[in-house]
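Some notes on the structure that comes next.
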């Protein structure tokens, strides 16, 4: 167990939250032993309100991607951020990765922490996991904040590139070669630059946070999981999603453009939506001030029953 100081003063530590009032939030890092491996957890001190928020990162990311949001959220709730199995500093076993497997990770974590109901935040692939969790476990979901989520629309099996990637991921030799070719610092850097509207937001510390897990044993299993079993990474919600939901999208997202808001609005008709201008795929990290403001207002009005003014 270790304690981190998440300081809201720019430049103070590796866990910096910019454009926020000066304050310090203590975040404790632990490893929870799940049936499939150790899971890294960041959590804040228990909040007297009893509200709890769980943060789920996107593909290839980790808990640090929420470092600029945790202090704002911790003002009104206990905050938990999880490294999903196969990413960050969580274990990376050769298992059948899927949105529902990570949903089970969240469910079992809630049971371990004796949390009956939480508000789930999910970015990109984490948004897919959060949405699937809300469908599968509606009694455990107080609300949803989906940030540039993936999972819609599904790709067609006739796509030649789609089938070629799947073949390579299923073949052991091609899988290892593909990972060796693509899991490089240069590819990671280009991926992050594509994900951010402002290239200056891709700092050396951020880049290293994304590169480090690529070097860990077993990373090839989780990083190639989407290509290996793509049908496991689409939202399956025939019963719809009833939880109060906020959709947040970067107006300049080139990876998952804002037009994809429409299928999510159809899936979750009651959802509110906000598009943050001049922001790429990662608004929680690129424009945290605007992101935290819209999120807190949604939580105050729909989850925490507080006056946003």
Check: If you take the residues of region 66-75 that are touching a strand residue (DSSP E or B) at 6+ places or on another chain (Cβ under 7 Å) and assigned to a helix (DSSP H, G or I), which of them is nearest to residue 228 (Cα to Cα)?
Finding: 66
Note to self: Among the residues that make up region 77-89, is at least one of them within 17 Å of the chain's Cα centre (by Cα) and over 30 Å from residue 263 (Cβ atoms)?
What the structure shows: yes
Notebook entry, point to check: Quick one: would you say residue 92 is over 24 Å from residue 253 (Cα atoms) and in contact with a helix residue (DSSP H, G or I) (Cβ under 8 Å, 6 or more places away or on another chain)?
Noted result: yes
Notebook entry, point to check: Residues of region 271-286 being in a loop (DSSP other than H, G, I, E, B) and either more than 16 Å from residue 138 (Cα to Cα) or more than 19 Å from the chain's Cα centre (by Cα) (or both), which ones?
Noted result: 277, 278, 279, 280, 281, 282
Next item on the list: Can you give me the number of residues within region 100-121 that are under 24 Å from residue 231 (Cβ atoms) and not in a helix (DSSP H, G or I)?
Entry: 1
Note to self: Any residue at all in region 232-246 that's in contact with a strand residue (DSSP E or B) (Cβ under 9 Å, 6 or more places away or on another chain), at pLDDT 95 or above and not in a loop (DSSP other than H, G, I, E, B)?
What the structure shows: yes
Notebook entry, point to check: Looking at region 254-270, which of its residues are outside any loop (DSSP other than H, G, I, E, B), in contact (Cβ under 8 Å) with a residue 12 or more places away in the chain and surrounded by fewer than 16 Cβ atoms within 10 Å (Cβ to Cβ)?
Noted result: 263, 265
Next item on the list: Those residues that are surrounded by fewer than 19 Cβ atoms within 10 Å (Cβ to Cβ) and more than 17 Å from residue 121 (Cβ to Cβ), I need them from region 50-75; list them, please.
Entry: 50
Checklist line | Candidates 218, 280, 289, 251, filtered to the one that is in contact (Cβ under 8 Å) with a residue 12 or more places away in the chain and at positive phi | finding: 218
Checklist line | Any hit, region 76-99, residues being surrounded by fewer than 20 Cβ atoms within 10 Å (Cβ to Cβ), in a loop (DSSP other than H, G, I, E, B) and free of Cβ contacts under 8 Å to residues at least 24 places away in the same chain | finding: no
Next item on the list: Collect the residues in region 100-120 that are in contact with a helix residue (DSSP H, G or I) (Cβ under 9 Å, 6 or more places away or on another chain) and under 27 Å from residue 296 (Cβ atoms), keeping them in residue-number order.
Entry: 102, 103, 105, 106, 107, 110, 115, 116, 117, 118, 119, 120
Check: Out of all the residues in region 179-228, which are surrounded by fewer than 17 Cβ atoms within 10 Å (Cβ to Cβ) and not in a helix (DSSP H, G or I)?
Finding: 184, 198, 203, 216, 217, 218
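The values are calculated or read from the model by the stated rules, or taken from the named source; none is laboratory data. Treat the numbers as computed from the prediction; the structure is a model and nothing was measured. Please note: Cβ atoms are built from the backbone with ideal geometry, for glycine as well, and neighbour counts cover all protein chains shown.
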